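Working notes for the structure below.
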Amino acid sequence: MPGVSVLAQIDSATGLDATLERTVDLVGVFFFAVSGGLLAVRKGFELVGVIALSLVTALGGGIIRDVVLGATPPTAFDDVLYLIVPLVAAAVVFVGHAIIEHRFRRPVMFFDAAGLGLFAATGAVKASAFEASAVGAVLIGVITATGGGIIRDVLANDQPHLFHPDSRLYAIPAALGATVIVVAWRNGFYSGGVAIGVAAAVFSLRLAALKFGWRAPTPR
Amino acid sequence: MPGVSVLAQIDSATGLDATLERTVDLVGVFFFAVSGGLLAVRKGFELVGVIALSLVTALGGGIIRDVVLGATPPTAFDDVLYLIVPLVAAAVVFVGHAIIEHRFRRPVMFFDAAGLGLFAATGAVKASAFEASAVGAVLIGVITATGGGIIRDVLANDQPHLFHPDSRLYAIPAALGATVIVVAWRNGFYSGGVAIGVAAAVFSLRLAALKFGWRAPTPR
Amino acid sequence: MPGVSVLAQIDSATGLDATLERTVDLVGVFFFAVSGGLLAVRKGFELVGVIALSLVTALGGGIIRDVVLGATPPTAFDDVLYLIVPLVAAAVVFVGHAIIEHRFRRPVMFFDAAGLGLFAATGAVKASAFEASAVGAVLIGVITATGGGIIRDVLANDQPHLFHPDSRLYAIPAALGATVIVVAWRNGFYSGGVAIGVAAAVFSLRLAALKFGWRAPTPR
């Protein structure tokens, strides 16, 4: 972050430039919202359903994280952009879902993977800063990254996709990334660079799992 | 509220006479509980299912509101009438569901619409008083009014009714009403009378949607 | 608890030896986690699904209790054993589910009943200590004991088992036990012995319901 001279612009927990962190976070929010909106369209829901699934997918994980940590009101209700961005995504899906499904499938998966990495990293950092146990902070990282998608599937009356035996690795890269964050935090070598590296690694692992068909084992 | 001389009887947030507000709120709780209990009966649930769906429908939205705002314990666990009233409703449904379904369908819809308006208004007021963002306060108003019904449908293993393309306007009147509350609050002309007017308008809009078949648009 | 000389070892709310209470609590967590993992296996979920259902079943009720009471972060994220134990249970189920289903069905039901009694008692005590209303404390006891299983069923896309007309008494023994706790608490004769007696009574009532086929009534 060259050129940043005002200390207050560095988020004290994540060690990232606050504006950069928020921008990147909102990109993740946007694409998670798109995935929620698309499922609503596939289910035949009307406008309220499209908006609800967009909001829940984008914000559900972070709201659970903040409520569990006692950091109320959650960022989603405090910073208005966290609502504007998924509402815009819902509008885009409502109008353009056919184009998105047919021409932007790969970009949506790409950005969803980016959101997965970012949310796992920032969730684990925030949980560590709020003094969750080590394993608890890893779990909160995973919930931040995957909780919105699970609520999306529950509201659509599906089993959560990430539990299916034919799903590609999703929660496991998030768990590995969150573990690295927590280890770094507890051993004093955490920095904004570690967060960026972890988010990139989770992102890459998710894309590799999609490309090579990596799955978690199934019992028996 | 003529004749009210004790200042403490006026709720500082809503500007309503506290006894009146609680009474009206509990009427909404009762009828939301009836709608939950009736769904449980239709699903063939036993006593525990009837009680659970009554409680969840009546109190779920308000509990989410209070947990998200950090106003713990939620009113539902603090003020015992908020549990007694839906338990009575569950008992009434358990014994009299056949009569209610066949002879009181319209009154139930009527009072459900009243609950929708009241909960949207009081939810948006409480969120504003707890300094949620403007859009966040609107969303909390909508969640207060509709969240219990959504959890009811999830527990019954249905898709949320208000997302169906053949549902009549439900969340949208609540969102419009909550918006008026937030605009009034932020511009200094909020009062108990505004809350009553908004609740009445949401109620009327919902009844009109039922009567004239107004629906939200569906994608494509 | 003979030989306990350090006062701090007695939990000030439950009146139980803190180490004993935690040990017993973790036994309940283990067996609730087993029941969650087994349902995941039956549903054909992969590793992440088995872990998720184990965690949610074991910890869901307690997390709701703590979030509603404002006791954040919940015990589950604070005390690392509350995550280690259900993760071990998930591993045991992942490897040994066939043996557990065929040879340990009765022990699993037995220990699930023990967890039901313990969680109902400790949930009602904690809610009383946090000054929930009397009925609210009973409800929080029931939610602590049954909430994890309800979320388990929702994530598996089933209707909650305890609402089915052919389920044996489950929530009702928990409610009766929580009521005794609250009555004792409010009348000044609560003690650790009362908690143990209530947990044992709930446990026995649940086992009797299983043995003799006791069910809650169904409407009509």
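Take the Kirkwood radius over Cα pairs of the protein assembly as shown, plug it into Stokes-Einstein at 4 °C and 1.567 mPa s, and you get 51 µm²/s for translational diffusion.
When chain C is treated as a Gaussian network with alpha carbon springs shorter than 10 Å, the biggest mean-square fluctuation among C:Ile181, C:Ile140, C:Ile151 belongs to C:Ile151. Among C:Thr23, C:Thr14, C:Thr146, the largest mean-square fluctuation in a Gaussian network model of chain C (Cα springs under 10 Å) belongs to C:Thr23. Using a Gaussian network model of chain B in which every pair of alpha carbons under 10 angstrom is joined by a spring, one finds that among B:Ile99, B:Ile150, B:Ile84 the greatest mean-square fluctuation is at B:Ile99.
To the nearest 20 Debye, how big is the dipole of the stretch B:1-118 about its Cα centre, given +1 on the beta carbon of each Lys and Arg and -1 on that of each Asp and Glu? Write down the numbers at each step before the final one.
On the way: 7 positive and 10 negative charges, 110 e Å.
Using Cβ point charges on Lys, Arg, Asp and Glu, the stretch B:1-118 gives about 520 debye.
Separation of the stretch A:108-149 from the stretch A:83-97 is 24 Å, based on Cα centroids. Placing a label point 7 Å from Cα along the Cα-to-Cβ axis, A:Ala13 is separated from the same position in the other copies by 2.3, 2.4 nm, shortest listed first. Take the alpha carbon atoms of the stretch C:181-220, find their center, do the same for the stretch B:40-75, and report the distance between the two centers in whole angstrom. When both Cα centres are located, 23 Å separates them.
At 4 °C and 1.567 mPa s, what whole-number value in µm²/s does Stokes-Einstein give for the translational diffusion of the stretch C:157-220, with Rh from the Kirkwood sum over Cα pairs? All intermediate terms of the calculation are to be shown ahead of the outcome.
On the way: Rh = 13.0 Å.
Reported coefficient: 99 µm²/s.
Position B:Glu101: other-copy label points at 3.5, 3.5 nm, ordered by increasing distance, label point 7 Å along Cα→C-beta. Overall, the stretch A:15-211 carries a charge dipole of about 520 debye about its Cα centre when +1 sits on the Cβ of Lys and Arg and -1 on the Cβ of Asp and Glu, all other atoms neutral. Here is how far apart the A:Arg220 label points are across copies: 3.7, 3.7 nm, shortest first, using a point 7 Å from Cα toward Cβ.
Note on C:Asp166 and A:Leu26: their simple-model spin labels are 5.4 nm apart, each label 7 Å out from Cα toward Cβ. Between B:Ala18 and C:Val80, the modelled labels are 4.7 nm apart [label points 7 Å from Cα along Cα→Cβ].
Rounded to the nearest Hz, the phi-derived 3J(HN,Hα) couplings of the stretch B:198-203 under the Karplus curve 6.51 cos²θ - 1.76 cosθ + 1.60 (θ = phi - 60°) are 5, 4, 5, 5, 4, 4, where x marks glycine and proline.
On the beta carbon distance between B:Glu101 and B:Val183, with R0 = 56 Å, the FRET formula returns roughly 0.90. Dividing the summed -39500 (n - 2.57) terms of all DSSP H runs of n ≥ 4 by the residue count of chain C sets its mean residue ellipticity at 222 nm at -25000 deg cm²/dmol.
Label the stretch A:15-211 by shape, choosing from rounded, prolate and oblate, from the square roots a ≥ b ≥ c of the eigenvalues of the Cα gyration tensor; if a/c is under 1.5 it is rounded, and otherwise prolate applies when a/b is larger than b/c, oblate when it is not. Prolate.
Coordinate-derived values only; no laboratory data. Model, not experiment: these values are computed from the prediction. So basically every Cβ, Gly included, is an ideal-geometry build from the backbone, and we count neighbours across all protein chains shown.
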